[in-house]
Structures are given as structure tokens and as C-alpha cells.
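Student: Dropping a structure here in C-alpha cells format, bear with me for questions.
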Amino acid sequence: MARGGRARFKVGDTVTGWSYVEPEDRRRETPEEIAGRVVQVGSGWKGVEADQAYLWIRLPSGREARALIRDVVKVTEHPPRG
């Protein structure tokens, strides 16, 4: 969550970015480009800094992926006209 304010993302937001892979798992798994809807914001642990906080994202396949907040952006579903 942003200091003294609201989180950048909320459940239901559509986002795109890169999945997070723990350092010890990177020999067998690599980050992948992802897009989907936010289903959980943060780890649930109080005091986690934003650069370490993550989102859980439900992908179109139904699978969920974890991504660091700093590695995703919110998608504008209805771009402004003209």
C-alpha cells in the first residue's frame, strides 16, 4: 500500500506485466508476461514495502500468477475518446 494512502491496485483491476519467480526457483522457471484481473493485493503481511509487495492475478486460463507490484501496470479498459 502507498504510504499514508490507498493502494495502487484493488481487487478486480485488470493488469499486465511480468510474473514473479522466487530466486531459488529461477533455474527451472522463468518470469512470463501475464495479463489478468487482480484477485489479491499484497501478501497479507503488515509492514511489507511496496517494492517487495505483490499481487495475485487470475489469468484468462483460470490459473493464478504472482507478480511484484512494481512489475505490473493497470490496463485502461475503456480508453478516453478523441
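The values are calculated or read from the model by the stated rules, or taken from the named source; none is laboratory data. Note that this is a predicted model, so its numbers are computed, not measured. These area figures cover heavy atoms from the full protein model, side chains too; ligands, DNA and RNA do not enter into them. Shrake-Rupley method; radii C 1.70, N 1.55, O 1.52, S 1.80 Å.
Student: Identify all residues within the stretch 52-63 that are open to solvent by 80 Å² or more (accessible area, probe 1.4 Å) and either under 14 Å from Glu33 (Cα atoms) or of a type in the set (Asp, Glu) (or both); write none if there are none.
Tutor: Of everything in the stretch 52-63, those that are open to solvent by 80 Å² or more (accessible area, probe 1.4 Å) and either under 14 Å from Glu33 (Cα atoms) or of a type in the set (Asp, Glu) (or both) turn out to be Arg58, Pro60, Ser61, Arg63.
Student: Which number in (1) in a strand (DSSP E or B); (2) at pLDDT below 95; (3) hydroxyl-bearing (Ser, Thr, Tyr) marks the one condition that Thr16 misses?
Tutor: Of (1) in a strand (DSSP E or B); (2) at pLDDT below 95; (3) hydroxyl-bearing (Ser, Thr, Tyr), only one is false for Thr16: (2).
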